[in-house]
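Written out below as structure tokens is the structure these notes cover.
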Amino acid sequence: MAGASSDLKLLGAGPSPYVNRVQIALNLKAVNYEFLEEKFGSKSELLLKSNPVHKKIPVLIHGDKPICESLIIVQYIDEVWASGPSILPSDPYDRALHRFWAAYIDDKFFTNVKELSTADGEEAKDAAVERIAEGMTLLEDALGKCGKGKPFFGGDNIGYLDIAFGSFLGWLRATEKLAGVTLFNEGKTPGLVAWADAFSSHEAVKDVIPEIDRLVELAKMFKARAQSQSAN
Amino acid sequence: MGEVKLHGFWASPFSHRVIWALKLKGVEYEYMEEDLSNKSQLLLQYNPAHKKIPVLVHRNKPVAESLVILEYIEETWPENPLLPLDACDRAMARFWINFGEQKGPVFFNLFRTTGEAQEKTGEEVAQILKTIEEKALGDNNFFGGNTLGLVDLSFGWLPHWFEVTEQVQGTKLLDPTTLPRLHAWAQNFKQVPVIRDNLPDPQKLSAHLKRLRGNLLKN
């Protein structure tokens, strides 16, 4: 049931971790698609038409049907290209664990990371790092429960939660550089340190996550933009 | 199929989503009422990340987050399906469930503000409700078609909870004249026997929400 290139379009932008999630999922299933890059600062007619409610990337357009929201798209890809490697585990309890932690990443964890990148002063920075460290401890434990001793949350191969969390690795590394902190601590979360390397070098991932230095430059640009906007 | 326990809170719409799903599937379960001002050791153990209800425990394994629990219930007890079979329709259902979650804080803002701030938020809420009526519900009796599903359960806080909340916070946004189809859906939803028989007492709920609002406005 593999779609032809013209049948599948992904509206996105290279540096977006949410877009990266979809790219990784499509790579895992070895599905061809056309990547339509949205220019930063403007939204194309196609995007506004395909996602009128949120007007956000990523949007996957399959035939004439748009699918929105990165994790919903990943589940869709898993269900439609069912003959490829599974993204979600088959057991309902394992699926629930993947979904729970993916929601935690999106709701709580990444908010804490954003707070670190915008933190003003040492005290605020330390507090943000503390919150992230608590999250990392929980995720280290989750890696054990989901992966059951294997390298990925999905076990031997990358799965839903690997994609949900791993898509942020570029930005996590960039934040570490910008804030001058270490978030992946070999002593405290050795499993996650090994996982991060294994994920980043995976076939389906290595050409997707942007170079850290590029993300550092982008982050500096966003920060400068935000500061000049709030100054006006 | 193994022992099922639900840790919940009588006033919580999130708790009720799970109750409705279990009852629609005919699943027997034991209910444990949590005192949110004095959470049980079990709850803290089952959900260390958020320390929140609801938590479903099946065969001694805990599942937290109401929407994650709903998908777990759907997959573990597939009879009487609550999600469509077609992948695209499922993506659509998940989209609207996610939309409701994303907009939750705006409704909460309405609850904890007064005067001009509340009026401004009210405009935003009116837009959200309009989107739900026009784009999510359309001309259907239920979200996604003619049978009750997970999207209806996820919006199940609009009938009853939001209606009581509107009385407490002094708004009238879910109105039959401005939102006829959504209002009709809300009344229809409350008549479904599983829903009708599993709703918190409105007077008790009103008193509880008045207290909550009072505390929020003080701070």
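The values are calculated or read from the model by the stated rules, or taken from the named source; none is laboratory data. Given the structure is predicted, the values throughout are model-derived calculations rather than measurements. All Cβ positions, glycine included, derive from the backbone under ideal geometry; neighbour counts span all protein chains shown. When the accessible area is computed, the model is the full protein with side chains, heavy atoms only, and any ligands, DNA or RNA have been set aside. Shrake-Rupley method; radii C 1.70, N 1.55, O 1.52, S 1.80 Å.
Taking label positions 7 Å along the Cα-Cβ direction at both B:GLN187 and A:LYS55, the computed distance is 3.6 nm, reported to one decimal.
Cα centroids of segment B:115-185 and segment B:22-45: 28 Å apart. Note on the protein assembly as shown: with neighbouring protein chains present and a 1.4 Å probe, carbon and sulfur make up 51 percent of its accessible heavy-atom surface. Think of it as helices only: each DSSP H run of n ≥ 4 in chain A is worth -39500 (n - 2.57), and spread over all residues that comes to -17000 deg cm²/dmol at 222 nm. Projecting label points 7 angstrom from Cα along Cα→Cβ for A:THR137 and B:ASN80 puts them 4.2 nm apart.
Compactness check for segment B:32-105: Cα Rg over 2.2 N^0.38 Å is 1.30. The charge dipole of segment A:1-99, taken about its Cα centre with unit charges on the Cβ atoms of Lys, Arg (+1), Asp and Glu (-1) only, comes to about 300 debye.
With 0.36 nm allotted per residue and the present C-alpha distance subtracted, the A:SER90-A:SER228 stretch has 44.8 nm of extension available.
Using only helices, what value at 222 nm comes out for chain B when you add -39,500 (n - 2.57) per DSSP H run of length 4 or more and divide by the total residues, to the nearest 500 deg cm²/dmol?
Working: 10 runs with 116 residues, N = 219.
One gets -16500 deg cm²/dmol as the mean residue ellipticity at 222 nm.
Of the DSSP H helices in chain A, those with a Cα length along their own long axis of 30 Å or more and a mean Kyte-Doolittle hydropathy reaching -0.5 comprise A:122-147. Kirkwood analysis of the protein assembly as shown, using all unique Cα-Cα pairs, places the hydrodynamic radius at 23.6 Å. Overall, segment A:143-227 carries a charge dipole of about 340 debye about its Cα centre when +1 sits on the Cβ of Lys and Arg and -1 on the Cβ of Asp and Glu, all other atoms neutral. A straight chain from A:ASP207 to A:GLU34 at 0.36 nm per residue would run longer than the Cα-Cα distance by 60.7 nm. Given a 1.4 Å probe and the protein chains as shown, A:ASP107 ends up with an accessible area of around 100 Å². Among the listed pairs A:LYS9/A:LYS29; B:LYS51/B:LYS172; A:LYS148/A:LYS188, a Cα-Cα separation exceeding 22 Å is found for B:LYS51/B:LYS172. In the structure shown, the pairs A:LYS145/A:LYS223; A:LYS223/B:LYS120; A:LYS65/B:LYS120 are assessed against 32 Å; a Cα-Cα span above that value is assigned to A:LYS145/A:LYS223; A:LYS65/B:LYS120.
Membrane-span-like helices in chain B, defined here as complete DSSP H runs extending at least 20 Å along the helix axis by their C-alpha atoms with mean Kyte-Doolittle hydropathy no lower than -0.5, are B:87-111; this is a sequence and geometry rule, not a statement about a membrane. Hey, what's segment B:104-167 come to in accessible area per residue, 1.4 Å probe, Å²? With the other protein chains kept in place, segment B:104-167 gives 45 Å² per residue.
If you take every residue apart from B:LEU43 with its C-beta less than 12 Å away from the C-beta of B:LEU43, what net charge results, scoring Lys and Arg +1 and Asp and Glu -1? Result for the neighbourhood of B:LEU43: +1.
Of the residues making up segment A:91-121, those losing 30 Å² or more of accessible area when the isolated chain is joined by the remaining protein chains, with a 1.4 Å probe, are A:PRO92, A:TYR93, A:ALA96, A:ARG99, A:PHE100, A:LYS108. Cα extents for segment B:108-219 along the principal axes, largest to smallest and rounded to whole angstrom: 44, 30, 22. Solvent exposure of chain A amounts to 47 Å² per residue of accessible area, where only protein heavy atoms count and the probe is 1.4 Å.
Note on B:ARG196 and B:TRP10: with the Förster distance fixed at 22 Å, the Cβ-Cβ geometry gives a FRET efficiency of about 0.85.
Counted over segment A:17-124 with a bin width of 10 Å, the fraction of Cα pairs per bin, in whole percents, is 12, 37, 32, 15, 4, 0. Each part gets one Cα centre, and for segment B:70-106 versus segment A:182-223 those centres are 32 Å apart. The alpha carbon convex hull volume per residue for segment B:1-140 rounds to 134 Å³.
What the Cβ-Cβ distance of A:LYS145 and A:ASP197 gives, at R0 = 22 Å and to the nearest 0.05, is a FRET efficiency of 0.60. Taking Cα centre as origin and charging only the Cβ of basic (Lys, Arg, +1) and acidic (Asp, Glu, -1) residues, the dipole magnitude of the protein assembly as shown rounds to 740 debye.
Measure off 7 Å from each Cα along the Cα-to-Cβ vector at B:ASP89 and A:SER42, then give the distance between these two points in nanometres to one decimal. So the two model labels end up 4.0 nm from each other. Summed over both chains, the contact between B and A buries some 2200 Å² of accessible surface at a probe radius of 1.4 Å. If eta is 1.306 mPa s and T is 10 °C, what Stokes-Einstein diffusion coefficient results for chain A, Kirkwood Rh from Cα pairs, in µm²/s? The estimated diffusion coefficient comes to 86 µm²/s.
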